[in-house]
Amino acid sequence: MGNAYGFIEITGVVAAMDALDIMCKAANVSLATWERKLGGRLVTLVVEGDVSAVKQAVEAGSTQAIKKPVSTGVLANPHPEIVKMVQLSASRFKGKPEPSSRAKMLGEDPPDFVPKETDTGN
């Protein structure tokens with residue numbers, strides 16, 4: 001969609017959804033991906049769009065959200081390695097096949113994992 005990524009890391013899923021709503025309404029950006037860490041206590045939102053829109057969205061989200069973000073950033077013309085990282089994250093949250101890697105998220109079962117049936121004695 002664009003040539004920039006904007007990042008907001010914020011505490012809590014509700015605060016993250018609030019910040020995302022503000023960002024998407026403030027400028028022509030879209031959600032590229034998001035990550036939850038520490039059981040959802042820390043949420044990183046990644047939006048994409050043109051550089052000026054991403055800057056405007058991150059500024060609006062960071063100043064108007066219901067909580068103050070832990071961290072924010074804007075990457076104009078991101079390096080191809082950053083693009084690959086965002087695509088990998090997006091493939092996990094959108095349920096698409098991963099672009100070029102078979103890496104798994106921490107705690108995710110391997111593809112050949114089949115849970116054993118529990119014997120109930122019947």
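Residue-level analysis places Val74 outside the set of residues that are under 23 Å from Asp18 (Cβ atoms), at pLDDT below 95 and among the aliphatic types (A, V, I, L, M).
Contact annotation: residue pairs with Cβ atoms under 6 Å, 6 or more positions apart or on different chains, pairing a residue in segment 1-27 that is in contact (Cβ under 8 Å) with a residue 12 or more places away in the chain and farther than 14 Å from Gln64 by Cβ with a partner that is outside any strand (DSSP E or B) and hydrophobic (A, V, I, L, M, F, W, C), are Ala4/Val51; Ala4/Val54; Gly6/Val54; Gly6/Ala57; Gly6/Val58; Glu9/Val70. Based on this model, can you work out whether Glu117 counts as among the acidic types (Asp, Glu), surrounded by 10 or more Cβ atoms within 10 Å (Cβ to Cβ) and at pLDDT below 70? No: the conditions fail for Glu117. Criterion applied to Val51, Val13 was being modelled with pLDDT under 95, surrounded by fewer than 18 Cβ atoms within 10 Å (Cβ to Cβ) and of a type in the set (A, V, I, L, M), and the one residue passing it is Val13.
Any residue at all in segment 47-55 that is touching a residue at least 60 places away in the same chain (Cβ under 8 Å) and either farther than 14 Å from Ile8 by Cα or in contact with a helix residue (DSSP H, G or I) (Cβ under 8 Å, 6 or more places away or on another chain) (or both)? Within segment 47-55, none of the residues are touching a residue at least 60 places away in the same chain (Cβ under 8 Å) and either farther than 14 Å from Ile8 by Cα or in contact with a helix residue (DSSP H, G or I) (Cβ under 8 Å, 6 or more places away or on another chain) (or both).
The values are calculated or read from the model by the stated rules, or taken from the named source; none is laboratory data. The shown structure was predicted, so the numbers you read here are calculated from the model rather than taken from an experiment. In this analysis, Cβ positions are derived from the backbone assuming ideal geometry, glycine residues included, and neighbour counts consider all displayed protein chains.
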